[in-house]
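J.: I have a structure I would like to understand better, so I am pasting it below and will then ask my questions one at a time.
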Amino acid sequence: MTTTEPQVHRGLAGVVADTTAISHVDPDRNVLLYRGYPAQELARRRTFLETAHLLWTGELPDAPQLADLEKQERSLRGIDPALGSLLTAMPAGCHPMDVLRTAVSWIGAGDPAAADASPQANQDRALRLLAALPTVVALDQRRRWGQEPIAPRDDLGYSANFFHMVFGSVPEDEVVAAFEVSMVLYAEHSFNASTFTARVVTSTLSDLYSAVVAGIGALKGPLHGGANEAVMDQFAEIGDPDRVDEWIDGLLADGRKVMGFGHRVYKRGDSRVPALHEQLRRIVALRHGNDLLAHYEVLAGAMLREKGLRPNLDYPAGPLYHLMGFDTPMFTPLFVMSRISGWTAHIIEQLSANSLIRPLAAYRGEQFRDLPAD
Ligand code: ACO
């Protein structure tokens, strides 16, 4: 029997799986567009909530729409005390992404209309998650410090309120603004691994919460969102910046990768990095982070020289979140707080023209054989 060998695209590299109108990565022009607008420009001139509205609806909100969105977001920040108790009882040593995954699952279990998949119902759910996840992340960060949760304040904007819930105070305007920029830049990136995962789950006509839980699972890995944590672990592992070259050589000899560098789509640098790097420099000046910045620049220089690889967004995000005062394992949950907007936009888009996502595999196992005699 002769069969034509199918062409295999390992890791789906280069495969165009569907169309999308949500975002476009153009590696040749080194640009990322959200619904046509450059993400870097949005990060400089618009808020995260405006960006979420843009991703969900296709347009930036006008003034009344924005006022309404801000009002709703502020009203949806609280979490059920039963959820708070559940999260507080989770194992102290578990990863914060496990806590977040559990929280979304619990919230979904309590939605009596979870099966209503109309675009408006899903957009309402998306806003509810966007508003509640910072409260979950703040609770988890504080319980790891042995501290009681702090209730949200509805007189503060999204990012300022988050700092209030984590640290009990609102930091300098520059810190709040830098965090907001990170939220805009992390919001959406086309068919990345976690978004594609959410679309696969949605394509079976499962519910939004299940798709988001799956997205959280995919984002946790260090080849994806988990890289922002790994970046800080690397600086600790290297110790002295004078050891960078020796450390890289050892790592590459072991077949390991340097976290925060390289990208499946961008091969000449990640278009989002300059805007976040600018924020990092500001916070370095404010929080006396010169030693960390020096370390950061030595490693980036060595990676370009030795491997021709440039940083991805997780590279500046790691030190930025560290200087803001978050524990390293909390960094990927901060990514989720933002990417919930992109995931849910894709879930809505997937349902608008659904086709079950079910690829083929090239079989490499045993050919037909008879069962041994009994
Ligand atoms: N460190 C060392 N070498 C690397 C790195 C890296 N970070 N990234 C790529 N390379 C090398 C590979 O070893 C490979 O070399 P080879 O051809 O000699 O075998 C070559 O560059 C191509 O790499 P691939 O892994 O095939 O590229 P791919 O497109 O599959 O990987 C990925 C992209 C997974 C992001 C990769 O660059 C990586 O692992 N980076 C580190 C993890 C990371 O920072 N992830 C965050 C991604 S961005 C985000 O989620 C916001």
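J.: Accessible surface of residue 150 in the full protein assembly, 1.4 angstrom probe, to the nearest 10 Å²?
T.: About 50 Å², rounded to the nearest 10.
J.: Now for a separate question. Choose one answer from 82, 178, 151: the residue with the largest mean-square fluctuation in a GNM of the chain with alpha-carbon springs under 10 Å.
T.: Sorting by GNM fluctuation, first place goes to 82.
J.: I need the GluC sites (Glu not before Pro) found in the stretch 25-91, filtered to DSSP loop residues with at most 12 other beta carbons within 10 Å of theirs.
T.: Counting only loop positions with at most 12 other Cβ atoms within 10 Å, the GluC sites (Glu not before Pro) in the stretch 25-91 are 59.
J.: Sticking with this structure for a sec: From the Cα gyration tensor of the stretch 210-275, with a ≥ b ≥ c the square roots of its eigenvalues, which class applies: rounded if a/c is under 1.5, or else prolate if a/b is larger than b/c, or else oblate?
T.: prolate
J.: Can you tell me which lysines have their Cα less than 18 Å from the Cα of residue 220? Leave out same-chain residues fewer than eight positions away.
T.: Within the straight-line cut-off, residue 220 pairs with 257.
J.: Which FRET efficiency value, to the nearest 0.05, do you get for residue 252 and residue 190 by plugging their Cβ-Cβ distance into 1/(1 + (r/R0)^6) with R0 = 25 Å?
T.: The formula returns an efficiency of 0.30 here.
J.: Going 7 Å from the Cα of residue 21 along its beta-carbon direction, which residues of the stretch 42-68 have the amide nitrogen within less than 15 Å of the resulting point?
T.: 54-60
J.: Oh, and also: Using θ = phi - 60° and the Karplus curve 6.51 cos²θ - 1.76 cosθ + 1.60, what whole-Hz ³J(HN,Hα) does each residue of the stretch 299-306 get, with Gly and Pro shown as x?
T.: Per residue, the Karplus-derived 3J(HN,Hα) values read 5, 4, x, 5, 5, 5, 5, 7 Hz.
J.: If you don't mind, there's one more thing I want to ask. With every protein chain left in place, what is the accessible area of residue 267 in Å² (1.4 Å probe, nearest 10)?
T.: Approximately 140 Å² for this residue.
J.: If you don't mind, there's one more thing I want to ask. Which of 154, 240, 327 moves the most in a Gaussian network model of the chain with Cα springs under 10 Å?
T.: Among 154, 240, 327, the largest mean-square fluctuation in the Gaussian network model of the chain belongs to 240.
J.: Shape of the stretch 64-182 from its Cα gyration tensor (a ≥ b ≥ c, root eigenvalues): rounded if a/c is under 1.5, otherwise prolate when a/b > b/c, or oblate?
T.: Because a/c hits 1.5 or more and a/b fails to exceed b/c, the stretch 64-182 counts as oblate.
J.: Bin width 5 Å, alpha-carbon pairs only: give the P(r) of the stretch 183-316 as whole percents, running from 0 to the bin holding the largest distance.
T.: Pair shares across the bins are 2, 9, 17, 21, 18, 14, 10, 5, 3, 1, 0.
J.: Still on this structure, I have one more. Show the residues, 5+ positions off or on another chain, whose built amide H is closer than 5 Å to the amide H of residue 310.
T.: 262, 269
J.: For residue 9 and residue 242, compute 0.36 nm times the residue count separating them, minus their Cα-Cα distance, and round to one decimal in nm.
T.: Working it through step by step, the gained length comes to 79.9 nm.
J.: Moving on. Which residue fluctuates most in the GNM of the chain (Cα springs below 10 Å): 249, 314, 98?
T.: The residue with the greatest mean-square fluctuation here is 249.
J.: Roll a 1.4 angstrom probe over the protein heavy atoms and tell me the percent of accessible area of the stretch 139-240 that is carbon or sulfur.
T.: Accessible surface attributable to carbon and sulfur in the stretch 139-240 totals 55 percent.
J.: Under 5 Å between amide hydrogens, which residues at least 5 positions from residue 31 or on another chain qualify, with H placed 1.01 Å from N in the peptide plane?
T.: For residue 31, whose amide H was placed from the backbone, the distant partners under 5 Å are 26.
J.: Excluding residue 335 itself, what net charge comes from residues whose Cβ is under 11 Å from its Cβ, given Lys and Arg +1 and Asp and Glu -1?
T.: Here the charged neighbours net out to 0.
J.: Something else about it: Send over a whole-number figure in Å² for the accessible area per residue of the stretch 134-259, probe 1.4 Å.
T.: Here the residues of the stretch 134-259 average 38 Å² of exposed surface.
J.: Which of rounded, prolate, oblate describes the stretch 1-126, given a ≥ b ≥ c as roots of the alpha-carbon gyration tensor eigenvalues and a/c under 1.5 marking rounded, otherwise prolate only if a/b is larger than b/c?
T.: Because a/c hits 1.5 or more and a/b fails to exceed b/c, the stretch 1-126 counts as oblate.
J.: Another question, then. Carbon and sulfur atoms: what percent of the 1.4 Å accessible area of the stretch 260-326 do they account for?
T.: The value for the stretch 260-326 is 51 percent carbon and sulfur by accessible area.
J.: Next question. Over the stretch 290-374, average the accessible area per residue using a 1.4 Å probe and give it in Å², no decimals.
T.: On a per-residue basis, the stretch 290-374 sits at 51 Å².
J.: What do the square roots of 5 times the Cα gyration tensor eigenvalues come to for the stretch 92-157, in whole Å, largest first, as semi-axes of the equivalent ellipsoid?
T.: Ellipsoid semi-axes (Å, largest first): 25, 16, 8.
J.: Also, quick follow-up: How many nm is it between the label spots at residue 94 and residue 147, if each spot is 7 Å from the Cα in line with the beta carbon?
T.: 2.3
J.: Of the heavy-atom accessible surface of the stretch 1-48 (probe 1.4 angstrom), what whole percent is carbon and sulfur?
T.: 50
J.: Order 176, 336, most accessible first, counting only protein heavy atoms with a 1.4 angstrom probe.
T.: I get 176, 336, largest accessible area first.
J.: What is the extension gain from residue 124 to residue 173, computed as 0.36 nm multiplied by their sequence separation minus the C-alpha to C-alpha distance, in nm to one decimal?
T.: Result: 14.7 nm gained on full extension.
J.: With every protein chain present, what is the per residue accessible area of the stretch 1-122 (1.4 Å probe, Å²)?
T.: 58
The values are calculated or read from the model by the stated rules, or taken from the named source; none is laboratory data. Predicted, not measured: the structure shown is a model, and the values here were computed from it. With ideal geometry, Cβ positions are generated from the backbone for all residues, glycine too; neighbour counts draw on all protein chains shown. Ligands, DNA and RNA are stripped out before the accessible areas are found, and what is left, the full protein with its side chains, is counted by its heavy atoms. Shrake-Rupley method; radii C 1.70, N 1.55, O 1.52, S 1.80 Å.
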